[in-house]
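The values are calculated or read from the model by the stated rules, or taken from the named source; none is laboratory data. As the structure is a prediction and not an experimental result, all values here were calculated from the model. Glycine also receives a Cβ, built like all others from the backbone with ideal geometry; neighbour counts cover every protein chain displayed. These area figures cover heavy atoms from the full protein model, side chains too; ligands, DNA and RNA do not enter into them. Shrake-Rupley method; radii C 1.70, N 1.55, O 1.52, S 1.80 Å.
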Amino acid sequence: ADVLVAGGGTAGCVAALAAARNGARVLLVERHGYLGGMMTGGNAGLTTFIGYPGGRERRDGKWVLGQEVKRFAYARKRLHENPAEVRIVGGIPLEVANRLIDMGAGIDSDGQAATYVTTDTEAFKALLFTMMEEAGVELLLHSWIADAITEDGAIKGVVVENKLGRQALLGGIVIDATGDGDVAARAGAPFNVGVAADDISARAGIPVGTTQNMGMMYRYGNVDVERLFEFARNHPDDWLPHWATFQELEDAYDAFRKGDMVPINLPKYRISFGTTPIPGLVQTGGCNTSASSLSPSDLTRAEIAARKTLTEELARLKKDTPGFENAYLTRVPEISVRETRLILGEQVLSYEDILESREFEDGIGRGGHPIDVSPIPEDLKAHKLDLPPNWSFSIPYRCLVPQKVENLLVAGRCISATHEAFGCIRPTAQCMVTGQAAGTAAAICVKNEATPRNLDTDQLRRLLVEQEVIL
């Protein structure tokens, strides 16, 4: 193929679409029998499409939510009145979200993609197949990446393992969207795993190599959400506005009745669920496990521990939580990995870059998610909450270009970033943003017979703007 995309998850799907729409012959390789990765098989929502409203205040040594609730409400209002004022993600990611919303398979804020779009994951899988067919992307499913094919410091393709044994797949430009950076690592690109020696976290005493916990997002069916809200309304003092919408209880209930995505959050009673487009189906997250996500034995132990936790949690919910009397677990994914390899690129995005909203001449898109990684030093916990209105940051193209290997791009959560910055670029919408940039860059390289390292980034940025990407 002209462009070979390894990994059909959050970033890889958009990378393949972008490359094909820009004229490249594209082959997308995926280990599962479906596309979407964390967006479908992992139940993750699409987040985030608007700048972070900010507003958390500290009074008498405590964080106060009132201003944040007001700013989130204002942001949702401006999204309807003047979207350009608050929206930070456009292009293919927004197209995907809008198509899901239009077909009734996605919900967020009154028909708009804002902070967190929950989806009908089975309809989402079907939509992605449709979009690949529309763009002319060739697919190869049920195939694991086993190795990289390199020659004279350049990648030429990958080796896959499937039911027919091993096969070689060649590509002019290869995009690593595996999440774990499997292709880049096997091709010889340098990388860190989790906390690096010169990261802020390491200087604060967090061990080098520490990664964010694994976990999973899972769903419960046959839940009486009205009864759950009735319980919340009988305990209004225990309601805590959730980060995804920061709505007070009655506003959240009104939004739910209107058909929006809302979190129901009463930590005192261990209740924290988000609504989905499917009536009676709610989702939550948990089963966090501290382990090496690159270790098959650790992953195995995590799966076994998660199943025990889920069994106990279901029994508790059915016994103690109104609305869950007849609930059942459904759509439980395999353990979901948050952080492994961070490929070292031509630039390493730092948390200082993000916190100060530094603009880059080669910026290819934006993020608006506050730091969401643990462990982090105590002094960074304040920064992750105390942000200005409509806060966002630029993502440079150089973070997609690995050191030491030619003809290779990375996209998704394995791009070049520090452990702390990783906590802002790993959300799904931001992974899709890097996917569109990588796919578009790869198509330009094929047309111009250029390498990703020598790409004219001005040309890339112009083309992205034409494709309604927000830089």
- request: Would you point out the residue of segment 2-34, among those that are charged (D, E, K, R) and open to solvent by 20 Å² or more (accessible area, probe 1.4 Å), that is farthest from residue 45 (Cα to Cα)?
  value: 2
- request: Would you be able to tell me the number of residues in segment 361-384 that are within 22 Å of residue 74 (Cα to Cα) and open to solvent by 30 Å² or more (accessible area, probe 1.4 Å)?
  value: 2
field: Residue ID - farthest from residue 377 (Cα to Cα), chosen from residues in segment 186-195 that are surrounded by fewer than 22 Cβ atoms within 10 Å (Cβ to Cβ) and among the hydrophobic types (A, V, I, L, M, F, W, C)
entry: 191
- prompt: What is the residue count in segment 124-168 for residues that are over 26 Å from residue 22 (Cα atoms) and touching a Gly at 6+ places or on another chain (Cβ under 9 Å)?
  reply: 2
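Filter the strands (runs of 3 or more DSSP E) completely within segment 119-237 down to those with at least 3 residues that are under 30 Å from residue 285 (Cβ atoms) and in contact with a strand residue (DSSP E or B) (Cβ under 8 Å, 6 or more places away or on another chain). Before you say what the answer is, go through the steps one by one.
Values: elements: 138-140, 144-151, 154-162, 165-170, 173-176, 191-193, 214-221.
The strands (runs of 3 or more DSSP E) meeting that bar are 191-193, 214-221.
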- prompt: Here are some conditions: (1) surrounded by fewer than 19 Cβ atoms within 10 Å (Cβ to Cβ); (2) more than 25 Å from residue 211 (Cβ to Cβ); (3) hydrophobic (A, V, I, L, M, F, W, C). Residue 124 meets all but one. Which one does it not meet?
  reply: (1)
message: Looking only at segment 224-240, filter to residues that are of a type in the set (Asp, Glu) and under 23 Å from residue 314 (Cβ atoms); which one of those is most open to solvent (accessible area, probe 1.4 Å)?
response: 230
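Mind listing just one residue for me: the one in segment 97-115 that is farther than 23 Å from residue 242 by Cβ and assigned to a helix (DSSP H, G or I) and, of those, farthest from the chain's Cα centre (by Cα)?
Step by step, filter segment 97-115, then rank; the result is 102.
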message: Looking at segment 241-252 only, could you name the residues that are of a type in the set (Phe, Trp, Tyr) and open to solvent by less than 10 Å² (accessible area, probe 1.4 Å)?
response: 246
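Would you say residue 104 is in contact with a Pro (Cβ under 7 Å, 6 or more places away or on another chain), of a type in the set (Gly, Ala, Ser), surrounded by fewer than 24 Cβ atoms within 10 Å (Cβ to Cβ) and over 22 Å from residue 425 (Cα atoms)?
Here the answer is yes, as residue 104 does meet what is asked.
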query: Exactly one of (1) open to solvent by 10 Å² or more (accessible area, probe 1.4 Å); (2) among the acidic types (Asp, Glu); (3) more than 19 Å from residue 173 (Cβ to Cβ) is unmet by residue 420. Its number?
result: (1)
task: State all residues of segment 253-294 that are in contact with an Asp or Glu (Cβ under 9 Å, 6 or more places away or on another chain), among the small types (Gly, Ala, Ser) and under 20 Å from residue 101 (Cα atoms); if no residue qualifies, say none.
output: 255, 259, 280
message: Against the conditions (1) open to solvent by less than 20 Å² (accessible area, probe 1.4 Å); (2) over 30 Å from residue 73 (Cβ atoms); (3) modelled with pLDDT of 95 or more; (4) out of contact with any Leu (no Cβ under 6 Å at 6 or more places or on another chain), where does residue 221 fall short? Just the number, please.
response: (4)
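Are any of the residues in segment 196-208 open to solvent by less than 20 Å² (accessible area, probe 1.4 Å) and among the acidic types (Asp, Glu)?
Yes, because at least one residue in segment 196-208 is open to solvent by less than 20 Å² (accessible area, probe 1.4 Å) and among the acidic types (Asp, Glu).
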- prompt: When residues of segment 1-18 are filtered for being closer than 17 Å to residue 126 by Cα and of a type outside the set (Gly, Ala, Ser), how many remain?
  reply: 4
- prompt: Applying the selection to segment 206-241, what residues are within 24 Å of residue 413 (Cα to Cα) and either out of contact with any Asp or Glu (no Cβ under 9 Å at 6 or more places or on another chain) or β-branched (Val, Ile, Thr) (or both)?
  reply: 206, 207, 208, 209, 210, 211, 215, 217, 218, 219
field: Any strands (runs of 3 or more DSSP E) falling wholly within segment 277-347 and containing at least 3 residues that are surrounded by 14 or more Cβ atoms within 10 Å (Cβ to Cβ)
entry: 282-289, 341-343
Verdict on residue 264 being out of contact with any His (no Cβ under 9 Å at 6 or more places or on another chain) and either modelled with pLDDT of 95 or more or of a type in the set (D, E, K, R) (or both): no
Checklist (1) within 24 Å of the chain's Cα centre (by Cα); (2) at pLDDT 95 or above; (3) farther than 21 Å from residue 374 by Cα applied to residue 246, failing item: (2)
